[in-house]
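Here is the structure we will look at.
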Amino acid sequence: MPPSLRPPQGSAWLGRRLEELPTPALAVAEGTARRNAERMLQRCRALGVRLRPHVKTHKTLVRMFDRLVGVRPTEPGALELARAVAQSAPRRVALVGVYAHCGDTYQCAGVPEVQAVARATAAALGRFVDMLRQAGVPCPEASMGSTPSCSHPVPEMGALTELHPGNYLFYDLQQLQLGSCAPQDVALRVLTRVLGHYPRRNQLLVDCGWAALSLHGQQQGQGPAGCAAVEGHPELRLVGLTQEHGLLEPVSGALDFDRFPVGSMLALIPFHACATAAMHPVYYVHDEGRVVALWHPVRGW
Ligand SMILES: Cc1ncc(COP(=O)(O)O)c(C=O)c1O
């Protein structure tokens, strides 16, 4: 809900406080994102590998998903495929290297499990590269992605040539639950305003629905509560999401409506930053609550 009937357009928001923005709005804490970027760069330097960020919120040219596209290094056809790419049409297609997203880490229950998956993945990549070399197929690059594995890299990843994570710039609730980051590392929020009080239902209505949040997180078995946490209010949970609206209610007891006047702003920490960011035409980048830049994501595939 805009605070005024004729909100400023585009760059007129520069210099404004987050509290003035029309909601729902995607806010990115610049300092936090910079720190996350710097820390990932340092991890790569310490391992002696390059960092090639996966800019998925802005889309990339090629995306490959394990089990959807690609071949596992242990599959019988893997060597033949690499040989065919390397030898059949070298002018049009060049075998640059092998890559594993390491998406299995998203099913892990904590950092030790993430690291075990990362160790196994790095080893599998290494074995495949050796196999290719022995077969006379040059394979200069070996790369691995996934924010969980790259946030707590194991020494074995130093044998690769690059890391290719993406989410780490923003982090989110999912990464917090996996142990990839600390609460202060999450750079993204969806700002929303209280639209109404429902005393009989013990609920608040807010102007953030799934069109501003995405439904990612619902599948964790908690319903809408899995899609976002309310910053600074662990006593509240999201219990309903329509396209444009959300419903908040207390985890237990009666809601103190005086603490959440109509028009007041709340900040939601999304379950999956990449899914949420993809819902927004503009990111309001801020420094300590003041807008310093507007980022416009590239759309399309
Ligand atoms: C092929 C590929 N590589 C890397 C990434 C980045 O992974 P993460 O978001 O876990 O850092 C993705 C994310 O979707 C991906 O699809």
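Before moving on, here are some points about what is shown:
- Some residue of the range 251-269 being in the same structural domain as residue 21 (by TED's automatic domain parsing), touching a residue at least 24 places away in the same chain (Cβ under 8 Å) and in contact with a Gly (Cβ under 6 Å, 6 or more places away or on another chain): no
- The residue of the range 253-278 that is farthest from the chain's Cα centre (by Cα), among those that are under 27 Å from residue 54 (Cα atoms) and more than 16 Å from the ligand (Cβ to nearest atom), is 267.
- Taking the criterion of being closer than 14 Å to residue 78 by Cβ, in contact (Cβ under 8 Å) with a residue 12 or more places away in the chain and out of contact with any strand residue (DSSP E or B) (no Cβ under 9 Å at 6 or more places or on another chain), the residues of the range 96-135 that qualify are 127, 131, 135.
- Index of the failed condition, residue 102 passing every other in (1) more than 13 Å from the ligand (Cβ to nearest atom); (2) crowded, with 23+ Cβ neighbours inside 10 Å: (1)
- Looking only at the range 39-58, residues that are assigned to a strand (DSSP E or B) and within 13 Å of the ligand (Cβ to nearest atom) come to 1 in all.
This table checks each residue for (1) assigned by TED's automatic domain parsing to the domain that holds residue 148; (2) surrounded by fewer than 22 Cβ atoms within 10 Å (Cβ to Cβ); (3) modelled with pLDDT under 95.
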| position | (1), (2), (3) |
| --- | --- |
| 171 | no, no, no |
| 189 | no, no, no |
| 192 | no, no, no |
| 203 | no, yes, no |
| 206 | no, no, no |
| 210 | no, yes, no |
| 222 | no, yes, yes |
| 226 | no, yes, no |
| 235 | no, yes, no |
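- Each residue in the range 118-169 was checked for being within 12 Å of the ligand (Cβ to nearest atom) and not in a helix (DSSP H, G or I), and 9 pass.
- Among the residues here, residue 112 does not qualify as away from the ligand (no atom under 16 Å from the Cβ), surrounded by 15 or more Cβ atoms within 10 Å (Cβ to Cβ) and at pLDDT 85 or above.
- Scanning the range 247-301 for residues that are surrounded by fewer than 17 Cβ atoms within 10 Å (Cβ to Cβ), within 26 Å of residue 174 (Cβ to Cβ) and hydroxyl-bearing (Ser, Thr, Tyr) turns up just one, 252.
The values are calculated or read from the model by the stated rules, or taken from the named source; none is laboratory data. Every value quoted in this text rests on a predicted model; they were computed, and no experiment measured them. Positions of Cβ are backbone-derived with ideal geometry, glycine not excepted, and every protein chain shown enters the neighbour counts.
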